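Take a look at the structure set out below.
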Amino acid sequence: MTYTIAMAGKGGTGKTTITGMLVQYLAERSKGPVLAVDADANANLNEVLGVEIEATLGDIREEVLHAEDQLVSPIPSSMTKAEYLQYKMSNAFTEEDNYDLLVMGRTQGKGCYCFVNDLLTAQLRKVAPNYDYLVVDNEAGMEHISRGILPSVDMVILVSDCSRRGIQAVGRIAELVKDLKLNPSIMKLIVNRAPNGQLDPGTMEEIEKQGLDLLGVLPHDMAIYEADCAGKPSSALPETEGAHAALIPLLDKLFAEAKEAQAK
């Protein structure tokens, strides 16, 4: 069975950076084949992972949708639109040594995301059984999951900064998870970018008020900021330093708990 992990949090909290580190964690520890899915329209998981992508589902959608408007159609005369679509979909997967990446991307024009959502849903249902882990980087509102793209969600990791407003935002996401009846066996909170890795009492009070299960706290890490400014993949930073070093024991604890939950 594929174990599905959904990452959620408002923009600017470092959610995608943590997603990249999680993908590397699973892949490098031989946890099994991993498929990373960037389901955020503002896609940049590939940059965090240091991966070049050839096409997103949004790109494919635009090409197929507007094929008939081109002077020379990109669809060969020997292929139907459906056949060409399947052919292009095979190029949407970026294969790395220890994980694969699929990027949803965004539409270029005014078109609805329904077609892209349908593409993603069909592809995930087709390929997910080939992977032990499916890690999905979502938009803050969990729109894609709410549309039934994922057949199930086993774990939700909420990511917030250390502000009360940030905690309130993930509290709303946690309520949305309940409203959608996703019923993950595990839902945890990671607070990111805390000064010296410590939380203010007011922030801790808000976490308790929102009823969130705190997994741990990551410190503000200048190395991540510098890597981003230099265009380098932050997930490749040493696991022995900074936020990466703080995250590893949290993930060890998290997956030990997941293993126990699966055994019940």
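Taking the criterion of being among the charged types (D, E, K, R), within 21 Å of Ala246 (Cβ to Cβ) and touching a residue at least 12 places away in the same chain (Cβ under 8 Å), the residues of segment 11-38 that qualify are Lys15, Glu28, Lys31.
For segment 198-240, taking the residues that are among the small types (Gly, Ala, Ser) and more than 27 Å from Leu45 (Cα to Cα), the one that is surrounded by the fewest Cβ atoms within 10 Å (Cβ to Cβ) is identified as Gly211. Restricting the search to helices (runs of 4 or more DSSP H) fully inside segment 15-96 and requiring at least 2 residues that are surrounded by 15 or more Cβ atoms within 10 Å (Cβ to Cβ) and among the β-branched types (Val, Ile, Thr) gives 15-28, 57-65.
Identify all residues within segment 196-210 that are among the β-branched types (Val, Ile, Thr) and part of a loop (DSSP other than H, G, I, E, B); write none if there are none. Walk me through it before giving the result.
If we filter segment 196-210 for residues that are among the β-branched types (Val, Ile, Thr), which is where we start, we get 203, 207.
Result: no residue meets the conditions.
Per the conditions (1) touching a helix residue (DSSP H, G or I) at 6+ places or on another chain (Cβ under 8 Å); (2) exposed (fewer than 15 other Cβ atoms within 10 Å of the Cβ), the sole criterion not satisfied by Lys264 is (1).
The requirement of being at pLDDT 85 or above, open to solvent by less than 30 Å² (accessible area, probe 1.4 Å), β-branched (Val, Ile, Thr) and in contact with a helix residue (DSSP H, G or I) (Cβ under 8 Å, 6 or more places away or on another chain) is fulfilled somewhere in segment 102-114, by at least one residue. Restricting the first member to segment 39-54 and to residues that are over 10 Å from Gly20 (Cβ atoms) and of a type in the set (A, V, I, L, M), and the second to residues that are part of a loop (DSSP other than H, G, I, E, B) and open to solvent by 30 Å² or more (accessible area, probe 1.4 Å), the beta-carbon pairs closer than 8 Å and six or more apart or on different chains are Ala39/Glu139; Ala41/Arg106; Ala41/Tyr113; Ala41/Glu139; Ala43/Arg106.
Name the residues in segment 211-264 that are in a strand (DSSP E or B) and of a type in the set (Gly, Ala, Ser), would you?
Here is the first cut: in segment 211-264, the residues in a strand (DSSP E or B) are 214-219.
Scanning segment 211-264 gives a single hit, Gly216.
Exactly one residue out of Lys259, Lys188, Lys209 is in contact with a strand residue (DSSP E or B) (Cβ under 6 Å, 6 or more places away or on another chain) and not polar (S, T, N, Q): that is Lys188.
Cβ-Cβ distances below 7 Å connect the following pairs, each with a first residue in segment 238-264 that is over 18 Å from Ile224 (Cα atoms), a second residue that is part of a helix (DSSP H, G or I), and a separation of six or more residues or different chains: Leu251/Leu22; Leu251/Tyr25.
The values are calculated or read from the model by the stated rules, or taken from the named source; none is laboratory data. The structure presented is a predicted model; accordingly, all values stated were derived computationally and were not measured. Positions of Cβ are backbone-derived with ideal geometry, glycine not excepted, and every protein chain shown enters the neighbour counts. Accessible surface is based on the protein model in full, side chains and every heavy atom, while ligands, DNA and RNA are left aside. Shrake-Rupley method; radii C 1.70, N 1.55, O 1.52, S 1.80 Å.
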